[in-house]
Amino acid sequence: MAYKGQPNFDHRQPRRIGVLITNLGTPDAPETGALRRYLREFLSDPRVVEVPRFIWFFILKVILLIRPPRSAHAYKRVWTEEGSPLLVHSENQLKGIRERLQKTCGDDVVVKLGMRYGNPSIASQLQEMEDEGVRQLLVLPLYPQYSGSTNGSTFDALAKDFTQRRWIPDLRFISHYPDYPPYIQAMAEHIRAFRENNGSADKLIFSYHGVPKRYLLNGDPYFCECHKTSRLLAAALGLSDEQWMTTFQSRFGREEWLQPYMDATMKSLPGDGVKSVQVFCPGFSADCLETIEEIDMENRGYFEQAGGESFAYIPALNAEPVHLDALTQLISENLQGWEGGDNAGSTLEARAARAERLR
């Protein structure tokens, strides 16, 4: 096996700490070809679709003929002049976290952004980090609630890359943070600020991305962690049980997914006397197709068509200062005990000299 390495490795290279934040990913453009490439990579992940590969191979071929044009149309509705909303917000998060960490750690910390699917890929960012001397690596997937299909899949991508890499860094992996107090407080402050400017509603809906119910029955903690986040957030906001609820969105296929379903809930609430709702998505660290198009457009339509009078989507935390402060605190706590190397010029020269004498 040929391992990835640094053919021109220089012992004068500084040794640094790396922080890699990751998210799901996005197509390169709102076009059928780009969507087909993206969906092929995404739906080929056995963590995402737990179906025997032989059977799924034929199903996927059909999906890749039918779904890309529809998905391209949906992405066109949310695409901005800067590009994909998820990538734009993620890059702003990267910038904010990097600025905060450099104030306390200086240039000893390298901060990068990698996407599980699409660009910039996790593998490309790991290579850049190795080239910059990263020997201790902290990875933070921006999925607060753990699921094998998201956080687990991110670890798979790291492990796959490391099997081909000659020098593996010390590794720390933040697998979840559903009850992290600064994260809960950041969401609470964000929602309170929205309500101060826009008023409240009959009910506050916490909507999370769904997964098949089978995953829960097989031991995936995602369902429980979503409910824990909702409960803690409702408590932080001082809400009674009647003022909020948890739902799950984005299902596809015929099997049962986690319930209650968001779309069915929006269609039924007006008939139950709920005339105004506000929706927030605690599992999405950044706005994307699933929040902008699916929630603020599609589900808004369901609610209004069923007789609802007021629907308001509360944006994701994105690059809000309270969010960046919480994420930076989470990262800093997990960096405890790691210190940047002695990168003084004299130290690096002495290291190179010792290496040369050993040749």
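Where a number appears in this text, it was derived from the coordinates with a stated rule and is not lab data. Source: prediction; values computed, not measured. Reconstructed Cβ throughout: ideal geometry from the backbone, glycine too, with neighbour counts over all protein chains shown.
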(request) Can you put 179, 10 in order of Cβ neighbours within 10 angstrom, beginning with the fewest? (result) 10, 179
(request) Give, in whole angstrom and from largest to smallest, the semi-axes √(5λ) of the equivalent ellipsoid of the stretch 180-256, with λ running over the eigenvalues of the Cα gyration tensor. (result) 27, 15, 10
(request) Using every Cα-Cα pair within the stretch 1-157, state what percent have a distance larger than 23 Å. (result) 49 percent
(message) For residue 103, give me every one of the aspartates and glutamates with a C-alpha distance below 14 angstrom, ignoring sequence neighbours fewer than eight places off in its own chain.
(response) 325
(request) May I ask you to sort 58, 252 by Cβ crowding, counting other Cβ atoms within 10 Å and putting the fewest first? (result) 58, 252
(request) Return the loop-located trypsin sites (Lys or Arg not before Pro) in the stretch 229-289 (DSSP other than H, G, I, E, B) with at most 12 other Cβ atoms within 10 Å of their own Cβ; answer none if there are none. (result) 254
(message) Can you find, among 283, 232, 350, the residue sitting farthest towards the positive end of the charge dipole of the chain, where Lys and Arg contribute +1 and Asp and Glu -1 at Cβ?
(response) 350
(request) Would you please state which residues of the stretch 114-145 a label at residue 343 would reach in this model, taking the label point 7 Å out along Cα→Cβ and a backbone N cut-off of under 11 Å? (result) 132-135
(message) Tell me which GluC sites (Glu not before Pro) from the stretch 75-183 have a DSSP coil assignment and no more than 11 other beta carbons within 10 Å of their own.
(response) 81, 82
(message) How many angstrom lie between the Cα centre of the stretch 40-62 and the Cα centre of the stretch 208-235?
(response) 24 Å
(message) Rg/Rh for the stretch 181-313 to two decimals, with Rh computed the Kirkwood way over all alpha-carbon pairs.
(response) 0.95
(message) From the P(r) of the stretch 134-191, could you give the percentage of C-alpha pairs in the tail past 18 Å?
(response) 45 percent
(message) Taking loop as defined by DSSP and a crowding limit of 12 other beta carbons within 10 Å, which trypsin sites (Lys or Arg not before Pro) in the stretch 106-199 fit?
(response) 166
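May I ask for the equivalent-ellipsoid semi-axes of the chain, computed as the square root of five times each C-alpha gyration tensor eigenvalue and listed largest first in whole Å?
Value: 40, 25, 17 Å, ordered largest first.
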(request) Using R₀ = 56 Å, calculate the FRET efficiency as 1/(1 + (r/R₀)^6) where r is the Cβ-Cβ separation of residue 235 and residue 358; round to 0.05. (result) 0.40
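If each residue of separation counts as 0.36 nm, what is the full-extension length gain between residue 12 and residue 57 once their alpha-carbon separation is subtracted? If you can, show how the numbers build up before the last one.
Working: separation 45, 0.36 × 45 = 16.20 nm, distance 4.84 nm.
Working it through step by step, the gained length comes to 11.4 nm.
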(request) Give 76/267; 95/213; 4/228; 76/275 a once-over and call out the pairs whose C-alpha atoms are over 32 Å from each other. (result) 95/213; 4/228
